[in-house]
């Protein structure tokens with residue numbers, strides 16, 4: 001497996017990975033594919049590469065992209081302020097549980113740190129198994145409601 005930057009001709013992949021990132025609780029029906037066309041979700045991929053915090057790393061195995069981690073400064077679910085990039089990360093189901101997400105996250109955090117960003121944020125459902133990965137990566141809750149956390153990771157104070 002290799003981790004590399006998303007190519008300029010590969011931005012359509014973000015739609016697939018956004019769909020994969022949508023948390024579906026155990027036993028619930030998956031969302032219809034069209035959900036990614038909602039305005040609050042189009043923020044994650046529309047005109048990607050034009051913003052100052054638009055960074056994306058992908059995992060590739062045997063020539064195929066298997067996962068992606070990307071950031072943007074946008075008014076999304078994980079928004080904390082206009083200086084903090086929000087994170088989205090996902091893998092195709094058959095590639096989960098191998099540490100790939102953790103590696104993508106580690107590399108993306110280092111990239112953002114080198115670019116001078118102070119922190120990174122995300123939104124995650126409390127029931128999502130990925131919460132523990134985010135905690136291990138240094139994310140801490142800064143807000144929460146009954147269903148989700150808004151988490152932030154300090155990039156300049158040292159990364160794990």
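Averaging the Cα positions of each part gives two centres, and for region 106-122 and region 1-44 these lie 21 Å apart. What the Cα atoms of region 92-160 give is an Rg and a Dmax of 12.4, 35 Å. The label point for residue 110 and the one for residue 92, both projected 7 Å from the Cα toward the Cβ, are 2.6 nm apart. Of 153, 56, the sequence from fewest to most neighbouring Cβ atoms within 10 angstrom is 153, 56.
Ranked by Cβ crowding within 10 angstrom, fewest neighbours first, how are 100, 71 ordered?
Numbers: 100 20, 71 28.
Fewest-to-most ranking of 100, 71: 100, 71.
Annotation: for a label point projected 7 angstrom from Cα along Cα→Cβ of residue 145, residues of region 21-49 with backbone N closer than 16 Å are 23, 40-41.
Listing 151, 1, 133, 74 from fewest to most neighbouring C-beta atoms within 10 Å gives 1, 133, 74, 151. Helices in the chain, meaning DSSP H runs of at least 4 residues, each add -39500 (n - 2.57). Divided by all residues, the mean residue ellipticity at 222 nm is -6000 deg cm²/dmol. The largest-to-smallest principal axis extents of the Cα set in region 14-120 are 40, 33, 24 Å.
Read-outs throughout are calculated quantities, based only on the coordinates presented, and are distinct from any laboratory measurement. In this text the structure is predicted, and so the values were computed from the model without any measurement. Cβ coordinates were reconstructed from backbone atoms using ideal geometry, including for glycine residues, and neighbour counts include every protein chain displayed.
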